[in-house]
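The values are calculated or read from the model by the stated rules, or taken from the named source; none is laboratory data. Bear in mind that the values here come from a model prediction, so they are computed numbers and not experimental data. Here the Cβ positions follow ideal geometry from the backbone for every residue, glycine too, while neighbour counts run over all protein chains shown.
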Amino acid sequence: MAPASPAPPILLRLLSAAGYRVQARGDASLAVRVRDRRAVVLVAATRSPAELESLFPTDSVHRTILYDDEPGPVARTMAADRGIEILDPSTLGPALGELLLPSQPAEAQDPIHGPTLETPFSVLPEGNRIVRPRIGRREAELLVGAEGPRFTLRLVPYYVAPYRVRPASAYGEGGKILDRTVAVHAVSRLAEVWEDGDRELVRDLDLPYQFIAPELTAAEAAGIALDAIRRHHTIHVDHTEQHEGALVIETRRVPPGTDDVRIGPLQLIYLPHWYAEGPQGRVVLDAVTGRRNGAPLVSREPSPTL
């Protein structure tokens, strides 16, 4: 079999001038443009989309294979199933402008859509590490539907940090930067995004309570937080292609890239929960939101009541 012909040097120069980073990958060339998450693989028509798919970065939004000849209907079907665009010399001309031109002129971009994000700061009031409960014992009894002496207020540890994220966008343009707060349960390892202003921090409570000790380090919580943020801000991108009279639509999940997330300093705070022992077993109630957490994921006994 004759070796595959390399990509035309002039085309590689055009892609490089348009902001793509061009790399040689064996007999293929990979061009990636970070600002709009486009990726183009240039290769001979003898290679199938299935074996080329691994060359694309996992966070690329637009994926294109540019063949040096017509790859055939089997390759086109395979690419459509994977949400990959196929171009060949006969279709390159009309699509070249879209490949080379940015989604929006650089001078029109908002400054916050720059290539890097700054890490947000977080300074909690000194000594304030407890979230003030909004639901008292009487409200908890009504929500749980049980009465009796077995109601205990426990302070559950969370690693909390502000974060800044630039979510991906369907067409690759610079997305709007968002500022949010992530909280990692320091026992169950579950993470969630908190709305700003929903929780007020105080130094102490005028109710008896128990502390639950954290079972995670801040370093462990940071990895969990990053994964949770990327899942929370994942978008769905539809890729549509006409194939033999049929319209094929493939949906891909695209999370923010790791360079599009910045997490501020993680700090340990305590969120109050009502633990109720009722006729149907133990119920755990978030004393701020009223949400039921079900059976607590606590592996050791809490510290004595203060």
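For (1) of a type outside the set (Lys, Arg); (2) within 21 Å of ALA219 (Cβ to Cβ); (3) modelled with pLDDT under 95, each residue gets a yes or a no:
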residue: ARG137; (1), (2), (3): no, no, yes
residue: GLU141; (1), (2), (3): yes, no, yes
residue: LEU155; (1), (2), (3): yes, no, no
residue: ALA168; (1), (2), (3): yes, no, yes
residue: THR181; (1), (2), (3): yes, yes, yes
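For region 47-62, enumerate the residues that are surrounded by 15 or more Cβ atoms within 10 Å (Cβ to Cβ) and either among the acidic types (Asp, Glu) or more than 23 Å from PRO167 (Cα to Cα) (or both). Passing the criteria: ARG47, SER48, PRO49, LEU52, GLU53, ASP59. Within region 185-205, is even one residue of a type in the set (Gly, Ala, Ser), over 14 Å from the mean Cα position of the chain (by Cα), part of a strand (DSSP E or B) and at pLDDT below 80? No, because not a single residue in region 185-205 is of a type in the set (Gly, Ala, Ser), over 14 Å from the mean Cα position of the chain (by Cα), part of a strand (DSSP E or B) and at pLDDT below 80.
Given the structure, is ALA186 over 17 Å from VAL288 (Cβ atoms) and not basic (Lys, Arg)? No; evaluated as a whole, the condition is false for this residue. If the condition is being surrounded by fewer than 19 Cβ atoms within 10 Å (Cβ to Cβ) and touching a strand residue (DSSP E or B) at 6+ places or on another chain (Cβ under 8 Å), then region 74-84 contributes THR77, ASP81, ARG82.
Considering each of SER54, SER60 in turn, give the residue that is farther than 30 Å from THR289 by Cβ, of a type in the set (S, T, N, Q) and at pLDDT below 85.
Result: SER60 is the single residue among SER54, SER60 that is farther than 30 Å from THR289 by Cβ, of a type in the set (S, T, N, Q) and at pLDDT below 85.
A residue that is part of a strand (DSSP E or B) and surrounded by fewer than 17 Cβ atoms within 10 Å (Cβ to Cβ) cannot be found anywhere in region 38-45. I'd like the full set of residues that are over 20 Å from PRO9 (Cα atoms), part of a loop (DSSP other than H, G, I, E, B) and touching a residue at least 40 places away in the same chain (Cβ under 8 Å), limited to region 61-83. Selection gives VAL61, ARG82, GLY83.
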